[in-house]
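J.: Please see the structure below; I have some questions.
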Amino acid sequence: MMTTTRVVSTAASADASDVTPASLEGDDAESWARAESIVASLGLDDASADKAMRRAFGWSTQAYWRNTKVREVPDATALEERIAFLETLGVTRDDVRQIVEKTPEILGCDVDQLTTATEYVEKNYFMKRNTRNFVKYVVRVPQALGNNLDCAAEGKSCLGECNRCWARC
C-alpha cells in the first residue's frame, strides 16, 4: 500500500527553526494531534509522546533519518497500521510502548520496511515471529526493525555513518 506523506515546507520561513509541530495549522495540525494521541495511548505521557513524534517524523535530530525524513506530517491511519504490524509480531501494547521509548523512529518506518526487516531477522537470526525469543529480541533491539538492507539502493555508499545498519545489531 502506498502512503502519501506530507512534508512541511520551510521555504517560506527565514529560519527553519521557526517551524515546529506547534506551528502547524489546519489539516496538518489535526493530523499531528491525532497521531500524537495514538502514540500517547500506548502509555506514554504527553511530553514523551511529543518527543517520540518529533524523532519518528524528522522534527528533531537527523541521526537516524539522515535527512530522508524531514518534518513529515504523520498520517494517523498509517501510524495505526505500523502499530498493528508490530502487534502481529507477537508484541503486546506494553512491548510497543517500550519499543517506542527506545527507538521512536520505528513509528516513522513504513510497513514495507518493517516487513523486510522482520523477514531478515527470521532468515538470518533463525527466529520466527510470534515466538518468545523473537519478541524479546525486538523489544531489546527495536532498531533492527528499521534497519536498511541495502544503502546503495538508497543512492548512498556505506561510510559507516548510518544508524540503520545491520552491522550495528
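J.: For segment 57-145, give the magnitude of the charge dipole about the Cα centre (Cβ charges: +1 Lys/Arg, -1 Asp/Glu; no others), in debye to the nearest 20.
T.: 400
J.: Spelling out what I want: for every residue of segment 132-137, take phi, set θ = phi - 60°, compute 6.51 cos²θ - 1.76 cosθ + 1.60 (Karplus), and round to whole Hz; glycine and proline get x.
T.: The phi angles translate into 4, 5, 5, 4, 4, 5 Hz.
J.: How much length, in nm to one decimal, is gained on full extension between Thr88 and Ala22, taken as 0.36 nm per residue of separation minus their Cα-Cα distance?
T.: 20.5 nm
J.: Among residues other than Leu107 whose Cβ falls under 13 Å from its Cβ, what is the net charge (Lys/Arg +1, Asp/Glu -1)?
T.: Once positives and negatives cancel, what remains is -2.
J.: Moving on. Testing the spin-label approximation: label points 7 Å from Cα along Cα→Cβ at Arg66 and Ser41. State their distance in nm.
T.: Here the answer is 3.4 nm between the modelled labels.
Only the coordinates and a few stated rules stand behind these numbers; no lab work does. Bear in mind that the values here come from a model prediction, so they are computed numbers and not experimental data. Note that each Cβ is placed from the backbone with ideal geometry, even for glycine, and that neighbours are counted across all protein chains shown.
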